[in-house]
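Peer 1: Below is the structure I would like to discuss, written out as structure tokens.
The values are calculated or read from the model by the stated rules, or taken from the named source; none is laboratory data. All figures in this text were calculated on a predicted structure; none of them were measured in a lab. Neighbour counts are summed over all protein chains in view; Cβ atoms, including those assigned to glycine, are modelled from backbone coordinates with ideal geometry. Note: accessible area is taken over every heavy atom of the protein model, side chains too, but ligands, DNA and RNA are not part of it. Shrake-Rupley method; radii C 1.70, N 1.55, O 1.52, S 1.80 Å.
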Amino acid sequence: MSRPSNFPPPFSSADYVAEPTDPADERIEVGVLIVGAGPAGLACAIRLGQLLEEHPDVAERLGDVPVAVLEKGKQPGSHLLSGAVVDPRALRRLFGSSLRMEDLPTFGPVPAESVYVLTRRAALPIPPPPPMRNHGNWIFSLSQLGRFLGERAEAGGALILPETAAQKLLVSHGRVVGARTGDKGRNREGGELGNFEAGSDLVAKVTVLAEGTQGHLTGVALDRFGLRGEDPQVWELGVKEVWKVAKPLDRIIHTMGWPLRPGKRFREFGGSFIYPMGEDMVTIGLVVGLDYRDASLSVHDLLQELKTHPKIRRILAGGERAQWGAKTIPSGGFHALPARLHAPGLLLCGDGAGMVNIPRLKGVHYAIESGRLAAEAAFRALQRGETPATALSSYDDAVRDSFIWSDLYEVRNMRQVFGHGFFVGGALASAMTMSKGRVELGKLPAEPDADQPLFVTDRDASYPAPDGKLTFDKLSSVFASGNKTRDDQPNHIRIERRVPPEVARLWAHMCPAQVYEIGAEEGDGTVLVELAPSNCVQCGAITAKGGRLTPPEGGSGPEYTVT
Ligand SMILES: Cc1cc2nc3c(=O)[nH]c(=O)nc-3n(C[C@H](O)[C@H](O)[C@H](O)COP(=O)(O)OP(=O)(O)OC[C@H]3O[C@@H](n4cnc5c(N)ncnc54)[C@H](O)[C@@H]3O)c2cc1C
Ligand code: SF4
């Protein structure tokens, strides 16, 4: 049986580590460089703004640009996608008494909640298992929250550079000294167009990688500094839609079971979320572990199928799809956290470091808390004028003392137990949560998603035909993501193009944006994979399943506004 990991992509982390190359007087010097304007990066920028306001002497020493944030999307929020039912702890700590939850762009606290086990036609209500209890949490659109946090960061003095992808990690004498941004205006073959702009070296005293899931430079840094954790990281793929609806939804809903298959051989772990967004909008999403084995599985099409369930059809009746998007979620948990969260000149935050509580489907508050703690560690080092290798280690200590560490420890084996199938896994997971992690299962083995052997079924034969009203095909979904990637830019996806048919089939079905098509047979048992990279919404699934996503030209990709 084929495994995607037997066909590695033409990619080497070492190609993305470089010394600064711009002449010294052309380099852009900043104090702290943050890569990624998501909740982690923006919380870091906001906290640094607060600290520098209290200590103008330190701000002065950091020069004209004390804090800069690079964001590859059109603006903060453009590439943000989440549930997003948010635990408010970290937001409250970040803003203290200066802002109340009501001052944030929120749809309010969770009003009530229900959990159902679905079969094709029925929905059996069950009491919410402990991880799915959301009393006290607040409902957001993460892209809206990102825009708001971006404005707060700028008000606190940060320079946000949108449409700018960090391509290379700048390392000099074993120390991270910033990042090089990607070129713009190249054609498909790499030649320079009339509007060509070369990337720049941004050099910084401290670089914070807050790139989120499948962070490009984060992966490069984990390899360069030997920071990979005890377990390999694994991921889930989430596909979601935002709907304008005729009737308000009065509760948040989670479902388990159908359309996923329970058998152990399928390894289909996941579930759906349906959250109200005010009076007239609802978000609906399906999250599935990428350790599945059936090459015919498509999370995009399973979500279309889910919407045909009588219970869910009723919620969406008379409504209209407003937006669509997809993104991966790191789900390896505690044992997959990096061995260290710092290297000389470097700090790692949020999803990039794998800080997600997967049974709770929560990562936003860990991202914000880690960003805040990274800001404090960077500030402490800068205040003392320190740059040696260990100056940033206080960040690791702070994370270990925080709720991020204790929460993730409590659910440390939660993802792995579902390798035993839905029912056994569910029972073990409940035992772990009820005992607050004290049930000791020993350390369960973990395998990379791309190591799972593949088989092919006719699962795809039962996906519903798109009707353009309730169910959609992948290309109309890409359109609904606002994706405006230039067609003629260089290909940013690294895969082995000649692979066995089942690997090609896996990629074609898995990609929610129809980037891969199965091409001609090559006569040696392999097929050629054809690519349409401009459809890519940068969800990151290909990196989990045997390829490698690199950042395309800044400003490419989706333009999420309400996801
Ligand atoms: C479907 C789904 C549902 C979820 N539901 C919930 C939920 O209900 N509650 C919850 O708490 N969590 C939820 N999560 C998880 C949550 O969204 C993440 O944990 C959180 O967004 C992580 O924040 P982050 O700042 O680390 O990364 P991100 O939010 O991913 O932000 C990273 C930012 O960095 C930018 N970036 C990345 N690389 C580069 C680069 N090289 N150069 C420039 N910019 C770059 C990206 O464009 C992005 O804007 C969900 C996730 C998904 C996918
Ligand atoms: S090509 Fe892009 S959209 Fe498709 S799976 Fe890969 S990262 Fe996701």
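Peer 1: Please identify the helices of the chain, taking whole runs of DSSP H, that span at least 18 Å along their own axis as judged from the Cα atoms and have a mean Kyte-Doolittle score of 0.5 or higher.
Peer 2: Result, helices passing both filters: 39-54.
Peer 1: Here's something else I'd like to know. May I ask for the net charge around residue 319, where only other residues with Cβ less than 13 Å from the Cβ of residue 319 are counted and Lys, Arg are +1 while Asp, Glu are -1?
Peer 2: On the way: positive: 244, 247, 307, 313, 314, 321, 469; negative: 241, 279, 280, 320.
Local net charge: +3.
Peer 1: Hey, any idea what Rg/Rh is for region 109-154, computing Rh the Kirkwood way over Cα pairs?
Peer 2: 1.21
Peer 1: Of 492, 135, which has the most accessible area and how do the rest follow, probe 1.4 Å?
Peer 2: 135, 492
Peer 1: If you don't mind, there's one more thing I want to ask. If you project the alpha carbons of region 166-245 onto their three principal axes, what span does each projection cover, largest first, in Å?
Peer 2: 44, 39, 25
Peer 1: Okay, next question. Using +1 at the Cβ of each Lys and Arg and -1 at the Cβ of each Asp and Glu in the chain, identify which of 7, 282, 536 lies farthest towards the dipole's positive end.
Peer 2: 282
Peer 1: Now, a different point. Please get the size of the charge dipole for the chain, origin at its Cα centre, with Cβ charges of +1 on Lys and Arg and -1 on Asp and Glu, quoted in debye to the nearest 20. Before the final figure, lay out the partial values.
Peer 2: Details: 62 positive and 67 negative charges, 397 e Å.
Result for the chain is approximately 1900 debye, rounded to the nearest 20.
Peer 1: So what are the three principal axis dimensions of region 325-389 from its Cα atoms, in whole Å, longest to shortest?
Peer 2: 41, 20, 20
Peer 1: In angstroms, what radius of gyration and Dmax does region 207-334 have, counting Cα atoms only?
Peer 2: 17.3, 54
Peer 1: Then there's this: How much accessible area does residue 409 have with a 1.4 Å probe, in Å² rounded to the nearest 10?
Peer 2: Accessible surface of residue 409 is approximately 100 Å².
Peer 1: Per the helix-only calculation at 222 nm, which mean residue ellipticity applies to the chain, given -39500 (n - 2.57) for every DSSP H run of n ≥ 4 and division by its residues, nearest 500 deg cm²/dmol? Could the numbers behind the result be given before it?
Peer 2: Values: 15 runs with 141 residues, N = 563.
Computed mean residue ellipticity for the chain: -7000 deg cm²/dmol.
Peer 1: Next question, about the same structure. Just the accessible area for residue 396, please: 1.4 Å probe, Å², rounded to the nearest 10?
Peer 2: The value for residue 396 is about 10 Å².
Peer 1: In whole Å, what is the distance between the alpha-carbon centres of region 326-376 and region 160-204?
Peer 2: Spelled out, the Cα-based centre of one part sits 25 Å from the other.
Peer 1: Moving to a separate point now. Kindly provide the Kirkwood hydrodynamic radius of region 1-157 in Å, to one decimal, from all pairs of distinct alpha carbon atoms.
Peer 2: Here the Kirkwood hydrodynamic radius works out to 19.4 Å.
Peer 1: Estimate the FRET efficiency between residue 25 and residue 192 by the formula 1/(1 + (r/R0)^6), using the beta-carbon distance for r and 25 Å for R0, to the nearest 0.05.
Peer 2: After rounding to 0.05, the efficiency reads 0.60.
Peer 1: Give me the distance between the Cα centres of region 466-485 and region 496-563, rounded to whole Å.
Peer 2: 17 Å
Peer 1: Which three extents, in whole angstrom, do the alpha-carbon atoms of region 453-532 cover along their principal axes, largest first?
Peer 2: The Cα atoms of region 453-532 stretch 42, 36, 21 Å along the principal axes, largest first.
Peer 1: What FRET efficiency do you get for residue 223 and residue 514 if R0 is 35 Å and r is their Cβ-Cβ distance, rounded to the nearest 0.05? Write out the running numbers ahead of the final one.
Peer 2: On the way: r = 30 Å, r/R0 = 0.87.
E between residue 223 and residue 514, to the nearest 0.05, is 0.70.
Peer 1: Rounded to whole Å and sorted largest first, what semi-axes of the equivalent ellipsoid does the C-alpha gyration tensor of the chain yield via the square root of 5 times each eigenvalue?
Peer 2: Result for the chain: semi-axes of 35, 28, 23 Å.
Peer 1: Work out, in µm²/s and without decimals, the Stokes-Einstein translational diffusion coefficient of region 202-279 at 25 °C, 0.890 mPa s, Rh from Kirkwood over C-alpha pairs. Mind showing how you got there, number by number?
Peer 2: On the way: Rh = 17.1 Å.
Estimated diffusion coefficient is 143 µm²/s.
Peer 1: State the answer as a single residue: which of 126, 96, 66 lies farthest towards the positive end of the charge dipole of region 1-139, with beta carbon charges of +1 for Lys and Arg and -1 for Asp and Glu, about the Cα centre.
Peer 2: My answer, from the dipole projection, is 126.
Peer 1: Express in nm, to one decimal, how much length is gained between residue 172 and residue 458 on full extension, taking 0.36 nm for each residue of separation and deducting their alpha carbon distance.
Peer 2: Extending this stretch completely gives an extra 97.7 nm.
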